[in-house]
Structure formats: structure tokens, C-alpha cells
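None of the figures in this text is laboratory data; all of them are computed from the coordinates on show. Just so it is clear, the structure is predicted and the values come from calculations on it, not from any experiment. Because the Cβ atoms are built from the backbone with ideal geometry, glycine has one as well, and the counts that use them run over all protein chains shown.
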Amino acid sequence: MGRQFRFIHCADLHLGSRFKGLGTENPALAERLRQSVFGSFSRIIDAALENHVDALVISGDLYDDDNELPSTRMWLSEQLARLDVPVFICRGNHDSRTSWDSAIPYPSNVHEFGTAPERVELSEDVEIVGISYAVPHETRNLASILEGSFDRFTIACLHCDLDTVTEGYSYAPCSMSDLQSGNIDYWALGHIHKRDIVATGPYVVYPGNIQGRSFKETGPKGAYLVTVDSHRVSSIDFIETSVYHWEDLTVDITGRTFNDVMNIIGSKADPEAICRITFTGSGELDTLLRTNMDDVSRTIAQTAGCMISSLAVRTSPPIDIEARSNEKDMGAAVIRSGRELSKMTKEELVDLICQNKNASKHRDFFMSMSEEDVQSLVDDATRSILARMVVSR
């Protein structure tokens, strides 16, 4: 091989993603998160320029289904035009069909692979092959029909579901044996949102998505900078570009004042984090947290500097709930009712919740919650009523 060859590999941009589950509860936060995806990709372009790469490879899902607005397409085209090196794109399940291909074309340095295998020579020693989805739910084994050359370092650009790392969404399914038989040196894959160098002989790489969009997508996000020397990968370096990351914090209120709790959160929370805070334990703070949640959330955000996605109060007032359940008063009746409701399934509880007209508008949100989180709503409601009863005494 002649000179060194360097490229950046990223995937799953999901530009325009609306961050489901946050829009109604916190529209300002949802918009900041939507914009963060654009910020992350802009940083990838910056990294490509700073590292003087020879190519940029984007392995599918540039957009997020029907969220490809003209402004999004225009913005992406402008970002890609900042580069004076070739950009290679394959389409995945979220962008197999896009709306503005003719009206807002990509710049001339962009090559988008079609629905049949294609090969592009990058130099006398390096080539790239790739293929795009023909339909959103692609069932073809696309990996099995991509082939490299014996005398060149071959990069394959593909959005697919590898059976050993699948997340349960089987699109363009393939196996490791498919990836080992096509004379490919570096599989630049997309689809799995968790970053993973699956194998090194050949290289099989998922860079993950570029910005975590929920608490299921924690940790640093970004792209890989790959250096090739003498037909071999000599280095592969992760470049973090995500604007925000997600943090789960748990704080025990037992024996603590509000100032104590604020100091704990301030020491744990990253200013660039989106925090979901769960309060546990038992104490006088139970009533304060349950009756002033909006104010508590604002105070934490102002003091710690982080964004608050949600607060979960899993605390109890400083009373003996077990002893209270044996009494013959309203509090005991509330506890007994809560225990009966806790025996219901998630679906039964959601049906019950959605008998309320306002709650019924958010049925999809409730159904997206885990079984445990839905069940915890019962416990939260029980403890909240008891807390208010304590206040009223």
C-alpha cells in the first residue's frame, strides 16, 4: 500500500428525532435534545477536517422516518459540503425512502449506494463496497452479496442486524460467517445503537448512534477514526461527539435534610448530563418531595446545572406503613386499595389509568413504560396520598 489512508465511520444519525416520551412532559428539554443530534454530527464533520481524513462513511439511518424536513435535508447537505473528500452513505430501515432527493440533492462529493451492490475505488490500494435497503423492512441478507478485491483493502458500508449482537429488530439479517467470507477487511456497520468492535479479523464495527436519545442509550456516543497501513487497520480510535449523555442518580433521603440531598446531587451530576433522579428511603423529606416536585426539579437544575428528565419519588413518610395498614381509618383503606391494584398486570393498570380522558391521550407513553415502572405508579400514588394526609393533620 502507498500512503496511509484514514476514514471516519459513523451511523444512526437519526436527524430530526423527536425523543419520544419527553415532548409532553418537558417540551423545552425535548427541543434541546432534538438539536443535540445536529450538534453531534457537526462535531463529526469538525473531527474529519481536523484529522484530514480521506473519506467519511455513514452506515444508514441518517434521518428518523418521517422527520426528514426540508430544513433537515438542507442542513445535512451543507454539513457534507464542508468536506473536500468523498462521503459514502447507505440507507437503512429508517431512511430507505426519503422525501427531498431531487429537490435538495447532496453535494457532488457524496456517493449514496443503490439497492444493488456497488464498488468504488478510493485509491490504487483502497476500495469501498456498499448497498442500501430497498424497503424499510429489508429481509435480504445484504452482507452475503458484498464482495471485496484480493489486492485492495476493502471497506463495506452496510446497515444490518448481526445475529450475535441483535437487539431484536431483524433487518438485513446476517451471521458472522457471512462477514468472514466476502474478502472484506473492514465492515462499517450501522443499526445497533450500542458501540461495539465485534471482531478484528476482519474488523466488524458498530459505532453506535451519535447521540443517546433515552436512558436505554447511555454512555459516550460518537464515531470511529480508522487508520489503514499496508492493507491493515493500524489504529481505530473512538471520537466522542455527543452533546449530552444520560445519567441515572439514586439518592437516599433517610436522615437527610434538603440541603444534604442537594449537595449529594451536585457532587454526582454532570453539568452536561440529562438526569433521571430517584429518591429512596424514609424521612421527613417525603412530604416535601411529593407536594413540590416541580419546584424541586427546578431547584436541582439551577443548583447542579444539569437537565432534569424526571424525578421519581420512591420514598415513604416517617410512619410505619405496615402498622398503619391494620388501623381502621382512611389511610389504612388507601394502603389496602394500593395493594389490590398492585396485583393487576401492566395492561390492566394502563386500561384503568386511561379511563381518565386526559390520561388516555398518553396511552402510548404509559405502554412504553416497563412493567416495573407501571407497577410503581400504584406505590407512588399510595404514598403520595398518605403524605398529603400527614400534611393535613
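Have a look at the DSSP beta bridges in region 110-177 and tell me what percent are antiparallel, nearest 5. All intermediate terms of the calculation are to be shown ahead of the outcome.
Numbers: 4 of 11 bridges.
Taking every DSSP beta bridge within region 110-177, about 35 percent pair in antiparallel fashion.
Estimated from the Cβ-Cβ distance and a Förster radius of 30 angstrom, the FRET efficiency linking A359 and N263 is about 0.25.
For the chain, what does the alpha-carbon gyration tensor say about shape, rounded, prolate or oblate, given a ≥ b ≥ c as the root eigenvalues, a/c under 1.5 as rounded, and a/b over b/c as prolate? Here the chain falls in the prolate category. Straight-line cross-link partners of K361 among the aspartates and glutamates, defined as a Cα under 17 Å from its Cα and at least 8 positions apart when in the same chain: E25, E347, E348, D351.
Packing here is the average count of other Cβ atoms within 10 Å per residue, and on that basis the peptides 222-231, 352-361, 89-98, 297-306, highest first, run 89-98, 222-231, 297-306, 352-361. Springs between Cα atoms under 10 Å define the GNM used for the chain, and in it the highest mean-square fluctuation of D46, D379, D295 occurs at D295.
With springs only between Cα atoms under 10 Å apart, run a GNM on the chain and tell me which of I274, I58, I253 wobbles the most. In this elastic network of the chain, the residue with the biggest mean-square fluctuation among I274, I58, I253 is I253.
Could you tell me the calculated FRET efficiency between N51 and L352, based on Cβ-Cβ distance and R0 = 56 angstrom, to the nearest 0.05? Could the numbers behind the result be given before it?
Numbers: r = 56 Å, r/R0 = 0.99.
Computed FRET efficiency for N51 and L352 comes out at 0.50.
For a straight C-alpha distance cut-off of 16 angstrom, the aspartates and glutamates reachable from K346 (same-chain residues fewer than eight places away being disregarded) are D364, E371, E372, D373, D379, D380.
For region 321-393, the Cα gyration tensor yields ellipsoid semi-axes of 26, 13, 10 Å (square root of five times each eigenvalue, largest first, whole Å). So the label point goes 7 Å from the Cα of I145 along Cα→C-beta, right? Which residues of region 59-92 then have their backbone N under 17 Å from it? Correct set: 90-92. Residues considered: G201, G182, G60. Largest GNM mean-square fluctuation over the chain, using C-alpha springs under 10 Å, is found at G201. Sorting E327, E322 by the number of Cβ atoms found within 10 Å of their own Cβ, with the fewest placed first, yields E322, E327.
Of all DSSP-defined beta bridges confined to region 153-301, some 40% are antiparallel rather than parallel.
Going from the alpha-carbon gyration tensor of region 258-332, what semi-axes, largest first and in whole Å, does one get by taking the root of 5 times each eigenvalue? Mind dumping the intermediate values first?
On the way: eigenvalues 176, 24, 19 Å².
Equivalent ellipsoid of region 258-332: 30, 11, 10 Å, largest first.
Per-residue Karplus couplings for region 350-364, computed as 6.51 cos²θ - 1.76 cosθ + 1.60 with θ equal to phi - 60°, are listed in order as 5, 4, 5, 4, 7, 5, 7, 4, 5, 5, 4, 5, 10, 4, 4 Hz, Gly and Pro entered as x. In summary, the lysines within cross-link reach of K221, defined as a Cα separation below 16 angstrom excluding same-chain residues under 8 places away, comprise K194.
Given R₀ = 22 Å, what would the calculated FRET efficiency be for T280 paired with R324, taking r from the Cβ atoms and rounding to 0.05? Don't jump to the answer; show the numbers that get you there.
Details: r = 19 Å, r/R0 = 0.88.
With R0 = 22 Å, the Cβ-Cβ based efficiency is 0.70.
Taking other C-beta atoms within 10 Å as the exposure proxy, W246, W187, W100, W75 rank W100, W75, W246, W187 from fewest upward.
Using just the helices of the chain, give the 222 nm mean residue ellipticity in deg cm²/dmol: DSSP H runs with n ≥ 4 each add -39,500 (n - 2.57), and the total is spread over all residues, rounded to 500. Rounded to the nearest 500, the figure is -9500 deg cm²/dmol.
For V126, the residues whose modelled amide H falls within less than 5 Å of its own, excluding neighbours fewer than 5 places apart on the same chain, are F153. Each principal axis of region 317-362 carries a Cα extent, and these read 37, 20, 19 Å when sorted largest first. DSSP finds beta bridges in region 5-240, and of those with both partners inside it, around 45 percent are antiparallel.
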